[in-house]
Amino acid sequence: SFSGANSVKCGAMASRPLRAPAPNESAAILHSFTNHLLYSLAKDQYSATARDRFLSLALTVRDRLIERWIATQQRYYRRDAKRVYYLSAEFLMGRALLSNLLNLGLYETAREAMRMIGLDITDLLEQEVDAGLGNGGLGRLAACFLDSMATLDIPGYGYGIRYEFGMFDQEIKDGYQVERPDEWLRLPNPWETPRPEYSINVGFGGRTEEFHDDRGRLKVRWTPAETVVGMAYDTPIAGYNNNTVNTLRLWRARASADFDLTVFNEGDYEKAVIDKTRSETISKVLYPSDVKMFGKELRLRQQYFFVAASLHDIVRRHRVGHPSLDNFAEKTAIQLNDTHPAVAIPELMRIFVDEHDLPWEKAWDLTVATFGYTNHTLLSEALETWPVDLFGSLLPRHLNIIYEINRRFLRRVMSRFPYDEPRISRMSLIDEGNPVDPHSRRIRMAYLAVVGSHSVNGVAALHTRLLEQYLLHDFHEMFPERFNNKTNGVTPRRWLLQSNPLLADAITARIGDGWPVDLEELHRLEPLAEDESFRREVREIKQRNKDALAAYIEKQTELEIDRGSLFDVQVKRLHEYKRQLLNVLHIVALYLQIKKDPGIQMVPRTFIFGGKAAPAYAAAKMIIKLINSVGEVVNVDPQVAGRLKVVFLPNYRVSLAEKIFPGSDLSEQISTAGKEASGTGNMKFALNGALTIGTLDGANIEIREEVGEENFFLFGLTADEVQDLWRRGYRPRDRYDQDPELKAVLDLIYSGFFEPDHPELFRPLVQSLLEHDPYLLLADFRSYVDCQAAVGKAYLDPERWTKMAILNIARMGKFSSDRTIREYARDIWQAQPVST
């Protein structure tokens, strides 16, 4: 027996909507498990830890992936398939063991195999750490897209960086965020396979020189000053129930020479390893702080490193089956996930022109036909730019190429819009900056991505419209045919089948098991919203999920949670535009209502927050502190009597999200209209039966259109009204003066009531709202508070609330990432499924 695993059980785990295992299948799993424990880990039943058991099961599953993985690549090669390459700085994959078991149809088999030796599979699943390869929505979207490409048999590959420490682990100490290294690779990663044979040299710095080749053509030679080696690590990405296994290839930076023995023997020990340390820093941490120049340089090094390694790998793979590059764009589609990989455009041009002797015009046509660019932001300050001086010092040849791209592009602009000098300045790939400061010139990477791609897409209908009307208006006028919308989606395999097995079982029992690969099937649940027995079942499932979430919160925070309270949840990256602070203002307003009238009738609420603030983002970190300070007061005030609880769950990540979404009642999607590109958390909440309170922003608009306006709690200004308010002149202090409740809330925070030892601590937050309020919290406060009152009233009618929840679930079919990927494949990549 192997019983006695010492890990925490996952309370939400339940039976799966899959067939029962055959005895010989479970025996085969068990045989492989014990073999790996003995021969791969050198452990027996007495010395094995819970982590060892997890690794043995993971290696057992990996064995079953390998044959499918190799067969998939052979299939793509035999059929000469067009391949899709997804370049992304982030891949927020989460845990892989349960996902792979489900996708392979092996969950019940493995569970039975573990039961045969006295183990609970949930103990093993909880041993896995989240892969530290991303931060927020950008990385989670990339992970959903890889899942969907594999499930749809699209020949897809992810390319990124194998970060050693990922983002960071977030701890809360005295209410403040504290960052700790995310040592996710400290223990062996059973899913990755090193591929040293595909290592690639990546150059930096140095100089360029013109020369004439033996045919008399003018050429440019780049001689880098330093070289870093990119070593590939491959992770299999299994499709759901279809034998397709695609690849995520991540690059680790290594020094081209690990150790200078001569220097070491001369006694300079530090210099002997300094190049190794400098090189390998590239793949250490996701998004190093760019406050100082060292951080800026490291970010640019990261971006070029993974792009250069990936493009060389892509070209190498193409040339295995095609000696000519003439059909490169016919056989290759490369999608840029935001602007981080935009340096791929000049790099592919360099490869074509400098290494493969293609004429400029032909190389440019191939480049534009190959790339698609997905924009993910409406914040102008988030559109990446690089100082020309820095870029030129690290990538001198690429700066030459960008200058030439810009020269030819602006010639086209002048031809199309003659005598329009301001337009030429606006559309140039180079921001000339301050004329008296030659060091202020910057390269506009988003513009480079637009000019060098045949497709430019936003990720929600409103987002795309605002790109076309405002952020990229000039480019839309120049290239209207390039712009299109691809509304984001999420994978139902992870975000319903895996994370909410109770609800998944109930759905399958009513409509069959086709919905994980055809989410539109959920429409068949609509009539069941009128079925009293189904409403009761959905309510009971929600309560069981809330019980599991409450138990987790109590263990993490030692707070007592009212299981019957309304779980009001906002979990996402901390940013001022996402308006976690508006949520806090509402909590303080409710607190003041209780203090004014302790007997007031109020729906009990548990406010749950989660999310990380960038280490250098002072305002976001102060909002985290305010959330915790408000909680410390509200949670223990005897007059509140448990009607309000405020919880901040530290270290928000995929595996924690899988616990939170199923147990949530209310989804807070309250960004300033016109600021959120799409959002995907809004989709995950609704898919799990949480109702949304939100603005008409990002994908909220399309969610509301699908689920019905009567099943969505809407508040706040629209994007057009926001623009109009700024045009007319917005004075936030007027809102403060005109709304006594708002005034009382801000005055209480300003007074230091929630931090009496440091009464001035939160004053800058309040002063910023009164003087600037760039995200219009005060403008939307009254509408938000009134809408929250409507939420409370609706929650008092459980039959109505459950009906609304069922209709939200039933009408989420559009928001599968499978639909999104089908649209990318049809409209942008022209890629076809290659099935068995």
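Restricting attention to segment 797-819, does a residue exist that is farther than 26 Å from residue 567 by Cβ, charged (D, E, K, R), in contact (Cβ under 8 Å) with a residue 40 or more places away in the chain and assigned to a helix (DSSP H, G or I)?
yes
From the residues in segment 373-409 that are modelled with pLDDT under 95 and among the hydrophobic types (A, V, I, L, M, F, W, C), which one is surrounded by the most Cβ atoms within 10 Å (Cβ to Cβ)?
Within segment 373-409, the match that is surrounded by the most Cβ atoms within 10 Å (Cβ to Cβ) is 378.
So which residues in segment 549-576 are of a type outside the set (D, E, K, R), in contact with a helix residue (DSSP H, G or I) (Cβ under 7 Å, 6 or more places away or on another chain) and closer than 25 Å to residue 140 by Cα?
Of the residues in segment 549-576, the ones of a type outside the set (D, E, K, R) are 549-553, 556-557, 559, 561, 564-567, 569-571, 574-575.
Narrowing the set further to residues that are in contact with a helix residue (DSSP H, G or I) (Cβ under 7 Å, 6 or more places away or on another chain) leaves 549, 552, 559, 561, 566-567, 569-571, 574-575.
549, 552, 567, 569, 570, 571, 574, 575, listed by residue number.
Kindly indicate whether residue 357 is among the acidic types (Asp, Glu) and farther than 28 Å from residue 294 by Cα. Give the steps one after another, and end with the answer.
Values: among the acidic types (Asp, Glu): yes; farther than 28 Å from residue 294 by Cα: yes.
Yes.
For segment 523-568, which residues satisfy the criterion of being among the aliphatic types (A, V, I, L, M) and either under 20 Å from residue 807 (Cβ atoms) or assigned to a helix (DSSP H, G or I) (or both)? It would help to see each step written out before you state the result.
Pass one, segment 523-568, residues among the aliphatic types (A, V, I, L, M): 525, 528-529, 538, 541, 548-551, 553, 559, 561, 566.
Hits for segment 523-568 are 525, 528, 529, 538, 541, 548, 549, 550, 551, 553, 566.
State all residues of segment 129-149 that are surrounded by fewer than 24 Cβ atoms within 10 Å (Cβ to Cβ) and touching a helix residue (DSSP H, G or I) at 6+ places or on another chain (Cβ under 8 Å); if no residue qualifies, say none.
Scanning segment 129-149 gives 130, 137.
Name the residues in segment 780-790 that are surrounded by fewer than 21 Cβ atoms within 10 Å (Cβ to Cβ) and hydrophobic (A, V, I, L, M, F, W, C), would you? Quick ask: steps written out before the conclusion?
If we filter segment 780-790 for residues that are surrounded by fewer than 21 Cβ atoms within 10 Å (Cβ to Cβ), which is where we start, we get 782-783, 785-787, 789-790.
Answer for segment 780-790, where residues must be surrounded by fewer than 21 Cβ atoms within 10 Å (Cβ to Cβ) and hydrophobic (A, V, I, L, M, F, W, C): 785, 787, 789, 790.
Please verify whether segment 456-464 includes one or more residues that are more than 23 Å from the chain's Cα centre (by Cα) and modelled with pLDDT of 95 or more.
Taking segment 456-464 as the starting set, the residues that turn out to be more than 23 Å from the chain's Cα centre (by Cα) are none.
No, every residue in segment 456-464 fails to be more than 23 Å from the chain's Cα centre (by Cα) and modelled with pLDDT of 95 or more.
Just to be sure, is residue 529 touching a residue at least 24 places away in the same chain (Cβ under 8 Å), closer than 21 Å to residue 658 by Cβ and hydrophobic (A, V, I, L, M, F, W, C)? Let's see the steps before the verdict.
Numbers: touching a residue at least 24 places away in the same chain (Cβ under 8 Å): yes; closer than 21 Å to residue 658 by Cβ: no; hydrophobic (A, V, I, L, M, F, W, C): yes.
The answer is no for residue 529.
Answer with yes or no whether residue 352 is in a helix (DSSP H, G or I), more than 28 Å from the chain's Cα centre (by Cα) and surrounded by 18 or more Cβ atoms within 10 Å (Cβ to Cβ).
Numbers: in a helix (DSSP H, G or I): yes; more than 28 Å from the chain's Cα centre (by Cα): yes; surrounded by 18 or more Cβ atoms within 10 Å (Cβ to Cβ): yes.
Yes; evaluated as a whole, the condition is true for this residue.
Identify the residue in segment 713-752 that is within 20 Å of residue 694 (Cβ to Cβ) and among the aliphatic types (A, V, I, L, M) and, among all such residues, is surrounded by the fewest Cβ atoms within 10 Å (Cβ to Cβ). Let's see the steps before the verdict.
Taking segment 713-752 as the starting set, the residues that turn out to be within 20 Å of residue 694 (Cβ to Cβ) are 713-723, 725.
Filter once more, keeping what is among the aliphatic types (A, V, I, L, M): 714, 717, 719, 722, 725.
Working: 714: 17, 717: 20, 719: 23, 722: 22, 725: 13.
Filtering segment 713-752 for residues that are within 20 Å of residue 694 (Cβ to Cβ) and among the aliphatic types (A, V, I, L, M), the one surrounded by the fewest Cβ atoms within 10 Å (Cβ to Cβ) comes out as 725.
If you check every pair at least six apart or on different chains, which have Cβ atoms under 7 Å apart with a residue in segment 662-688 that is under 19 Å from residue 500 (Cβ atoms) and of a type in the set (Lys, Arg) first and a residue that is modelled with pLDDT of 95 or more and not in a strand (DSSP E or B) second?
Once the first residue is under 19 Å from residue 500 (Cβ atoms) and of a type in the set (Lys, Arg) and sits in segment 662-688, its partners that are modelled with pLDDT of 95 or more and not in a strand (DSSP E or B) give 684/495; 684/661.
If you check residue 654 against the conditions, is it within 27 Å of residue 816 (Cα to Cα), touching a residue at least 40 places away in the same chain (Cβ under 8 Å), among the β-branched types (Val, Ile, Thr) and surrounded by fewer than 24 Cβ atoms within 10 Å (Cβ to Cβ)? Walk me through it before giving the result.
Details: within 27 Å of residue 816 (Cα to Cα): yes; touching a residue at least 40 places away in the same chain (Cβ under 8 Å): yes; among the β-branched types (Val, Ile, Thr): yes; surrounded by fewer than 24 Cβ atoms within 10 Å (Cβ to Cβ): yes.
In short, yes.
Mind listing just one residue for me: the one in segment 507-536 that is buried (at least 19 other Cβ atoms within 10 Å of the Cβ) and of a type outside the set (Phe, Trp, Tyr) and, of those, farthest from residue 151 (Cα to Cα)?
Only one residue tops the list, namely 535.
Taking the condition closer than 24 Å to residue 491 by Cα, among the aromatic types (Phe, Trp, Tyr) and assigned by the TED database to the domain that holds residue 311, does residue 86 pass? Outline the logic, then answer.
Details: closer than 24 Å to residue 491 by Cα: yes; among the aromatic types (Phe, Trp, Tyr): yes; assigned by the TED database to the domain that holds residue 311: yes.
Yes: the conditions hold for residue 86.
Using the structure shown, decide if residue 342 is among the aliphatic types (A, V, I, L, M), modelled with pLDDT of 95 or more and within 26 Å of the chain's Cα centre (by Cα).
yes
If only one of 762, 685 is of a type in the set (Phe, Trp, Tyr) and within 24 Å of residue 338 (Cβ to Cβ), which one is it?
Values: 762 fails: within 24 Å of residue 338 (Cβ to Cβ).
When all the criteria are applied, what remains is 685.
If you check every pair at least six apart or on different chains, which have Cβ atoms under 9 Å apart with a residue in segment 222-246 that is in the same structural domain as residue 84 (by the TED database) and acidic (Asp, Glu) first and a residue that is crowded, with 23+ Cβ neighbours inside 10 Å and modelled with pLDDT under 95 second?
From residues that are in the same structural domain as residue 84 (by the TED database) and acidic (Asp, Glu), the pairs are 226/279.
What number of residues within segment 325-339 are in contact (Cβ under 8 Å) with a residue 60 or more places away in the chain, part of a loop (DSSP other than H, G, I, E, B) and surrounded by fewer than 24 Cβ atoms within 10 Å (Cβ to Cβ)?
Looking only at segment 325-339, we keep the residues that are in contact (Cβ under 8 Å) with a residue 60 or more places away in the chain, and these are 330-339.
In the following step, the residues that additionally are part of a loop (DSSP other than H, G, I, E, B) were identified as 338-339.
Now restrict to residues that are surrounded by fewer than 24 Cβ atoms within 10 Å (Cβ to Cβ): none.
Number satisfying all stated conditions: 0.
Residue 581 - would you say it is part of a helix (DSSP H, G or I) and either crowded, with 19+ Cβ neighbours inside 10 Å or in contact with a strand residue (DSSP E or B) (Cβ under 7 Å, 6 or more places away or on another chain) (or both)?
Values: part of a helix (DSSP H, G or I): yes; either crowded, with 19+ Cβ neighbours inside 10 Å or in contact with a strand residue (DSSP E or B) (Cβ under 7 Å, 6 or more places away or on another chain) (or both): yes.
Spelling it out, residue 581 is indeed part of a helix (DSSP H, G or I) and either crowded, with 19+ Cβ neighbours inside 10 Å or in contact with a strand residue (DSSP E or B) (Cβ under 7 Å, 6 or more places away or on another chain) (or both).
Collect the residues in segment 91-118 that are part of a helix (DSSP H, G or I), farther than 23 Å from residue 246 by Cα and not small (Gly, Ala, Ser), keeping them in residue-number order. Step through it out loud before you land on a result.
Looking only at segment 91-118, we keep the residues that are part of a helix (DSSP H, G or I), and these are 97-103, 107-116.
Still in the list and also farther than 23 Å from residue 246 by Cα: 108-109, 111-116.
Those that are part of a helix (DSSP H, G or I), farther than 23 Å from residue 246 by Cα and not small (Gly, Ala, Ser): 108, 109, 111, 112, 114, 115, 116.
Hey, among the residues in segment 437-458 that are in a loop (DSSP other than H, G, I, E, B) and touching a residue at least 40 places away in the same chain (Cβ under 8 Å), which one's surrounded by the most Cβ atoms within 10 Å (Cβ to Cβ)? Steps first, answer last, please.
If we filter segment 437-458 for residues that are in a loop (DSSP other than H, G, I, E, B), which is where we start, we get 437, 441, 452-454.
When the remaining residues are screened for being touching a residue at least 40 places away in the same chain (Cβ under 8 Å), the result is 441, 452-454.
Working: 441: 18, 452: 24, 453: 26, 454: 18.
Within segment 437-458, the match that is surrounded by the most Cβ atoms within 10 Å (Cβ to Cβ) is 453.
Run down 123, 63 and say which single residue is acidic (Asp, Glu), surrounded by fewer than 20 Cβ atoms within 10 Å (Cβ to Cβ) and part of a helix (DSSP H, G or I). So that I can check it myself, show each step before the final result.
On the way: 123 fails: surrounded by fewer than 20 Cβ atoms within 10 Å (Cβ to Cβ).
The conditions single out 63.
Starting from residues that are among the basic types (Lys, Arg) and under 30 Å from the mean Cα position of the chain (by Cα), keep the ones in segment 314-324 and report whichever is surrounded by the fewest Cβ atoms within 10 Å (Cβ to Cβ). Show your work before the answer.
To start, the set of residues in segment 314-324 that are among the basic types (Lys, Arg) comprises 316-317, 319.
Then drop every residue that is not under 30 Å from the mean Cα position of the chain (by Cα), which leaves 316-317.
Details: 316: 11, 317: 19.
Ranking the qualifying residues of segment 314-324, first place goes to 316.
Please work out if residue 412 is surrounded by fewer than 18 Cβ atoms within 10 Å (Cβ to Cβ) and in a helix (DSSP H, G or I).
Details: surrounded by fewer than 18 Cβ atoms within 10 Å (Cβ to Cβ): yes; in a helix (DSSP H, G or I): yes.
Yes, satisfied.
Residues that are modelled with pLDDT of 95 or more, assigned to a loop (DSSP other than H, G, I, E, B) and outside the structural domain of residue 612 (by the TED database): does segment 255-266 have at least one?
no
I'd like to verify a number: residues in segment 592-642 that are of a type in the set (D, E, K, R), touching a residue at least 40 places away in the same chain (Cβ under 8 Å) and not in a helix (DSSP H, G or I), how many? If you could, list the steps in order and put the result at the bottom.
Just the residues of segment 592-642 that are of a type in the set (D, E, K, R), to begin with: 595-597, 605, 612, 621, 625, 632, 637.
With the extra rule that they be touching a residue at least 40 places away in the same chain (Cβ under 8 Å), the set shrinks to 595, 605, 612, 621, 625, 632, 637.
Restricting the remaining residues to those that are not in a helix (DSSP H, G or I) gives 605, 612, 637.
Total meeting the criteria: 3.
So residue 373 fits all but one of (1) aromatic (Phe, Trp, Tyr); (2) part of a helix (DSSP H, G or I); (3) touching a helix residue (DSSP H, G or I) at 6+ places or on another chain (Cβ under 9 Å); what number is the exception?
Evaluating residue 373 over (1) aromatic (Phe, Trp, Tyr); (2) part of a helix (DSSP H, G or I); (3) touching a helix residue (DSSP H, G or I) at 6+ places or on another chain (Cβ under 9 Å) leaves (2) as the failure.
Among the residues of segment 417-436, write down those that are surrounded by 12 or more Cβ atoms within 10 Å (Cβ to Cβ), charged (D, E, K, R) and part of a helix (DSSP H, G or I).
The first filter runs over segment 417-436 and keeps only residues surrounded by 12 or more Cβ atoms within 10 Å (Cβ to Cβ), leaving 417, 420, 423-433.
Pick out the ones that are also charged (D, E, K, R) and you get 420, 423, 426, 431-432.
The answer is 423, 426.
The values are calculated or read from the model by the stated rules, or taken from the named source; none is laboratory data. Please read all numbers here as calculations on a predicted model, not as lab measurements. Glycine also receives a Cβ, built like all others from the backbone with ideal geometry; neighbour counts cover every protein chain displayed.
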